[in-house]
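Worksheet: one structure, shown below.
Any read-out appearing in this document is the output of simple, stated calculations on the displayed coordinates, not a laboratory observation. Remember, it's a predicted structure, so these values are computed and weren't measured experimentally. For neighbour counting, all protein chains shown are included, and Cβ atoms are generated from backbone atoms with ideal geometry for every residue, glycine included.
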Amino acid sequence: MTTYFGSSSHISSTLVAAGYEYVNKHIAPASGEIETARLWGGGHTAGPADVRFVIFADNAGAPGALLGFSDTVNIPTSQASAERTFTFASPVPVVEGTPYWIGHHASAGFTLGAGDGGATPYHYSSDAFGDGPSDPFGSSGSANGNPYSYEAGITVSDSGGGGSAGGGPLAVPACF
């Protein structure tokens with residue numbers, strides 16, 4: 001069985017900077033392994049963006065150790081916003097009720113969907129894309145704003161095996 005968590009709303013969009021990691025905190029609704037993730041994003045006139053999904057542990061309310069990252073997905077220049085799906089070569093185990101920081105790491109700026117959660121804290125950190133995500137998260141800034149649309153967040157597969165069957169979002173109704 002698959003359960004989703006994260007923000008699934010994309011009522012607005014914003015241009016996110018090149019060479020940064022951006023993450024929002026979400027609490028795992030079930031225990032299992034993260035195998036896939038999705039976000040809502042599109043190309044920007046500044047050029048194509050290589051993007052990977054990242055997962056960090058919580059460290060006293062801030063992002064801490066890197067738990068895993070996905071394959072790289074290319075978002076071409078000026079391509080319309082759409083769901084982007086990412087796959088983890090090594091599934092990331094999660095525990096129900098535990099907070100995790102989920103987000104992205106990008107080589108170039110791209111348009112990222114944002115939800116309607118209001119003043120939700122997020123963290124960001126400057127990090128060159130070519131050498132992989134930082135571990136730990138590193139020197140970070142934080143701000144409040146609508147949560148980024150890491151659409152329906154992360155797919156958490158039942159650790160009892162059996163792959164993934166369709167499930168529904170637990171947070172805001174999905175837009176895909």
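Numerical summary
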{"read-out": "Surrounding net charge for residue 95, when Lys and Arg each add one and Asp and Glu each subtract one, Cβ distance under 13 Å", "value": "-3"}
{"read-out": "Potential lengthening between residue 80 and residue 15 on full extension [0.36 nm per residue; Cα-Cα distance subtracted]", "value": "22.1 nm"}
{"read-out": "Net lengthening on full extension, residue 128/residue 59 (0.36 nm per residue, minus Cα-Cα)", "value": "22.6 nm"}
